[in-house]
Amino acid sequence: MHLRKIISLFCLFLVLLASCDKESATTTDASNSTGTGGSLAKFTIAGNYLYLADFSYIRVFDISNPSNTVEKSPVYIGWGVETIFPYKDKLFIGSNSGMFIYSISNPSLPVKLGQAIHLRSCDPVVANDTVSYSTLQGNTRCGPAESGLYIYDIKTITTPVLKKLLPLSTPFGLGLADSVVFVCRGSNGLSAINVKDPADPKIMYTKTDAYYLDVIPYNNLLICYINTGIAIYDASDLRNIVKVGTLNY
Amino acid sequence: MQKLLFFLAFTVSLVSCWDFRKPIHYRQGKVWGYKPLYTTDSSILRPQVMGPQSVKFPGKIYAKGTLLFQNDLGYGIHVIDNTNPAQASRIGFIKLSGNSEMSIKGNFLYANSFTDLVVIDISNWQNSTEVKRIRNAFNQGNMYTFIPLPEHKVYYECYSSGRLQVGWVRDSVYQNCYYP
């Protein structure tokens, strides 16, 4: 009789051990993900609408009358929405699990057109009519994907096709100016990549004078977010950008 | 006997919740870390224009016309005159507690203040005024700390959503959150 009780007690012990195991794993995950902030935009405006990348949703706001901004229904995307990039009537959404393309033909109700799922990673996106570019950074925070510039053919929007993977170490933010993609690569600098033929991207040059995090091509300027401040380049000649100023912290 | 067995089962159930694989320093209890400093003064939410400030926690950059804007994570938005890019300079600061994101259309700046979406009329940025606030429009799954920790690799008491945080204080905390 005692033996039976001891055995059942032992079983109870095993069951409890197993159940507690699962719980502590979840808790650890939750605390690890605290403090994960994208280095790129989570707010964007297209037309009269403001879209926020909010954790696993896109939150939608009608801003046609700014002082009477109205929230519309949020759209569920999936876990780990990191960045949002508008192009014409589309939103390109970078998430931890892939790139999603949403139509905003009806701006108050984004509808999913296509997606490219990849290994867990951080994933900012820029795009034009036929091609989208994202940088994936494989590391401990972001996941195991191979680091580089991922170039997708999006002519058939519902099924993006990986056209080319250009391996690049430590890619962060990126920007598209005409047929040049600028990729910020932390201590590895700022790389200019000619994508006239998206299937055959070529690194033109790399500026290694600073720790580059993000870049905004704007009116013939490149505004670069570097770890010591803001660096501004004259980019009227994309083959030869010239640093015109630096604003230090 | 029954009572004793019940007591034993209870004890075993407690013991079974220990994670034996955890290194010793990770055991439950208090450790040295950071505790959120909260306030009940909701006036800190009001955007406020100030003179140029030094940069504490640089965040994202936004370009509009000849101006650049840069978040100071948790504190507000630097206004930068970029009329002459060779001599770009900070010309002011829009204090906005809990800020991390922004976007601009026309004369309106859309930015978060903690989990609120705030619409600010910047037609004359020196007189920036809040024209609309939508509560809990950007809650980040309630897992985001809006005021940056002063250092990495520290334990901190998890941010309690719905409360107004103004900073962090060094204190002994339960190790319920960790900033890698």
Scoring the range B:45-140 by relative contact order with C-alpha pairs under 8 Å, at least six apart, yields a percentage of 23
Answer with one residue from B:SER89, B:ALA137, B:GLY106: the one whose Cα lies farthest towards the positive end of the charge dipole of the range B:57-180, charges on Cβ with Lys, Arg +1 and Asp, Glu -1. B:GLY106
If a/c stays under 1.5 just call it rounded; otherwise compare a/b with b/c (prolate if a/b is bigger, oblate if not). Do that for the range A:64-113, with a ≥ b ≥ c from the square roots of the Cα gyration tensor eigenvalues. prolate
So what are the radius of gyration and Dmax for the Cα set of the range A:170-249, in Å? 11.6, 39
Estimated dipole of the range A:38-167 in Debye, rounded to 20 [Cβ of Lys and Arg +1, of Asp and Glu -1, Cα centre]: 160
Can you give the relative contact order of the range A:38-167 as a percent, counting alpha carbon pairs under 8 Å and 6+ residues apart? 15
Rounded to whole angstrom, the alpha-carbon centroid of the range B:65-110 lies from that of the range A:160-237 at a distance of 23
So what is the relative contact order for the range A:117-227, in percent, with contacts set as C-alpha pairs under 8 Å and at least six apart? 17
Using label points projected 7 Å from each Cα along Cα→Cβ, tell me how many nm separate B:ASP81 and B:THR66, to one decimal. 0.8
From the Cα gyration tensor of the range B:73-173, with a ≥ b ≥ c the square roots of its eigenvalues, which class applies: rounded if a/c is under 1.5, or else prolate if a/b is larger than b/c, or else oblate? oblate
Given A:VAL215, A:GLY229, A:GLY175, which one lies farthest toward the positive end of the charge dipole of the range A:170-249, if we put +1 on the Cβ of every Lys and Arg and -1 on the Cβ of every Asp and Glu? A:GLY229
Viscosity 1.002 mPa s, temperature 20 °C, Stokes-Einstein D of the range A:38-167 from Kirkwood C-alpha radius, µm²/s: 146
Residue span B:ILE91 to B:TRP32: 0.36 nm per residue of separation minus Cα-Cα distance leaves a gain in nm of 17.3 nm
What does the charge dipole of the range A:129-239 about its Cα centre add up to, to the nearest 20 debye, if the Cβ of each Lys and Arg holds +1 and the Cβ of each Asp and Glu holds -1? 220
Compute the Cα gyration tensor for the range A:127-212, then decide on rounded, prolate or oblate, letting a ≥ b ≥ c be the square roots of its eigenvalues: rounded whenever a/c is under 1.5, prolate when a/b is larger than b/c in the other cases, and oblate in all that remain. oblate
FRET efficiency, A:SER236 to A:THR130 (Cβ-Cβ, R0 35 Å, nearest 0.05): 0.90
Determine the gain in length on full extension of the stretch B:SER54-B:ILE134; use 0.36 nm per residue of separation and subtract their C-alpha separation, reporting nm with one decimal. 25.9 nm
Counting only DSSP beta bridges with both residues in the range A:38-167, what percent are antiparallel, rounded to the nearest 5? 100
Take the Cα of A:VAL161, step 7 Å along the line toward its Cβ, and report every residue of the range A:78-117 whose backbone nitrogen sits under 17 Å from that point. A:114-117
Just tell me which aspartates and glutamates come within less than 13 Å, Cα to Cα, of B:LYS30; anything on the same chain fewer than 8 places away is out. B:GLU157, B:ASP171
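Every number in this text was worked out from the coordinates using simple rules, so none of it is lab data. None of the values given here were measured: they were computed from a predicted structure. Note: ideal-geometry Cβ built from the backbone for every residue, glycine included; neighbour counts use all protein chains shown.
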